[in-house]
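> One structure is given below, represented as structure tokens, and several questions about it will come after.
The values are calculated or read from the model by the stated rules, or taken from the named source; none is laboratory data. Keep in mind it's a predicted model, so treat the numbers as computed, not measured. Glycine also receives a Cβ, built like all others from the backbone with ideal geometry; neighbour counts cover every protein chain displayed. Just so you know, the surface numbers come from the protein's heavy atoms only, side chains and all, with ligands and any DNA or RNA stripped out. Shrake-Rupley method; radii C 1.70, N 1.55, O 1.52, S 1.80 Å.
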Amino acid sequence: VQLQAFGGGLVQAGGSLRLSCAASRLTFSTYAMGWFRQAPGKEREFVATISRSGDTTYYGDSVNGRFTISRDNAKNTVSLQMNSLRPEDTAVYYCAASNTALGTTSPSRINYWGQGTLVTVSS
């Protein structure tokens, strides 16, 4: 199984970025997908999750209303649209797959992790 995340970079506060993650060797539609992030010196934090079918999403409090998760089961991809970015959003963002219907907020329930992509938001 491989989860390849891309789209990170440097952006000014208030700007936008779109992360994407391409899955391979995974029966994509049977996994809920999500994004987590980890800032230096901090624990890995839940960002967003989307159900297998894509009809249910859930967000962490710190990103709710600014980030949008979506998936395309035909292309085996999941995306995270990030708007109104803040310096505190700076972190390595990880794509994740969980063998659950609705997804999970717990890193311990993730079955597969991507390699991470760095997002840096300057003030």
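> For the chain, modelled as a GNM with alpha-carbon contacts under 10 angstrom, which of Leu26, Leu85, Leu102 fluctuates the most?
Maximum among the listed residues: Leu26.
> What accessible area, in Å² to the nearest ten, does a 1.4 Å probe give for Thr77?
Answer for Thr77: close to 40 Å² accessible.
> What does the net charge come to around Val78 if you take all other residues with beta carbon closer than 10 Å to its beta carbon, with K and R at +1 and D and E at -1? Walk me through the intermediate numbers first.
On the way: positive: Arg71, Lys75; negative: Asp72.
That works out to +1.
> Related question: Write down the accessible area per residue of region 1-77 in Å², having rolled a 1.4 Å probe over the full set of protein chains.
Numbers: 4040 Å² over 77 residues.
About 53 Å² of surface per residue is accessible.
> Full extension from Thr105 to Ser62: what is 0.36 nm times the residue separation minus their Cα-Cα distance, to one decimal in nm?
Values: separation 43, 0.36 × 43 = 15.48 nm, distance 1.33 nm.
Additional length available on full extension: 14.1 nm.
> If you don't mind, another one. Modelled label-to-label distance, Ser24 and Gln38, 7 Å Cα→beta-carbon offset: nm?
Taking the simple label geometry, Ser24 and Gln38 are separated by 2.4 nm.
> Please give the solvent-accessible surface of Ser20 in Å², to the nearest 10, using a probe radius of 1.4 Å with every protein chain present.
20 Å²
> Can I ask one more? If you add up the charges near Ser29, with Lys and Arg at +1 and Asp and Glu at -1, over every other residue whose beta carbon is less than 10 angstrom from its beta carbon, what do you get?
Details: positive: Arg52, Arg71; negative: none.
With Lys, Arg at +1 and Asp, Glu at -1, the neighbours total +2.
> Oh, and also: Carbon and sulfur together cover what percent of the accessible area of the chain at a 1.4 Å probe radius? Please list the in-between numbers first.
On the way: 2790 of 6070 Å².
Ligands and nucleic acids excluded, carbon and sulfur give 46 percent.
> Additional query: Identify the GluC sites (Glu not before Pro) of region 1-96 meeting these criteria: DSSP loop state and at most 12 other C-beta atoms within 10 Å of the C-beta. It would help to have the intermediate numbers written out before the result.
On the way: sites: Glu43, Glu45, Glu88; in loops: Glu43.
When the GluC sites (Glu not before Pro) of region 1-96 are filtered for loop state and at most 12 Cβ neighbours within 10 Å, Glu43 remain.
> Further question: In a Gaussian network model over the chain where Cα atoms closer than 10 Å are linked, find which of Ala91, Ala32, Ala13 has the largest mean-square fluctuation.
Ala13
> May I ask you to compute the full-extension gain from Asp55 to Asn83, defined as 0.36 nm times their residue separation minus their alpha-carbon distance, rounded to one decimal in nm? Numbers along the way, then the final one.
On the way: separation 28, 0.36 × 28 = 10.08 nm, distance 2.10 nm.
Between Asp55 and Asn83, full extension yields an extra 8.0 nm.
> Now, a different point. Tell me, what is the percent relative contact order of region 67-123, built from C-alpha pairs under 8 Å that lie six or more residues apart? If you can, show how the numbers build up before the last one.
Numbers: 71 pairs, mean separation 19.8, N = 57.
Across region 67-123, relative contact order equals 35 percent.
> Continuing with the same structure: Hey, with R₀ at 35 Å, roughly what FRET efficiency would Gln12 and Trp113 work out to, going by the Cβ-Cβ distance, to 0.05? Write down the numbers at each step before the final one.
Numbers: r = 29 Å, r/R0 = 0.82.
The value I calculate is 0.75.
> List the trypsin sites (Lys or Arg not before Pro) in region 3-105 that DSSP assigns to loop (not H, G, I, E or B) and whose Cβ has at most 10 other Cβ atoms within 10 Å. Which are they?
Values: sites: Arg18, Arg25, Arg37, Lys42, Arg44, Arg52, Arg66, Arg71, Lys75; in loops: Arg25, Lys42, Arg44, Arg52, Arg66, Lys75.
Of the trypsin sites (Lys or Arg not before Pro), the ones in loops of region 3-105 whose Cβ has at most 10 other Cβ atoms within 10 Å are Arg25, Lys42.
> Tell me, what is the FRET efficiency for Gln2 and Ala74 to the nearest 0.05, using R0 = 25 angstrom and their Cβ-Cβ distance as r?
Details: r = 18 Å, r/R0 = 0.73.
So, using R0 = 25 Å, E works out to roughly 0.85.
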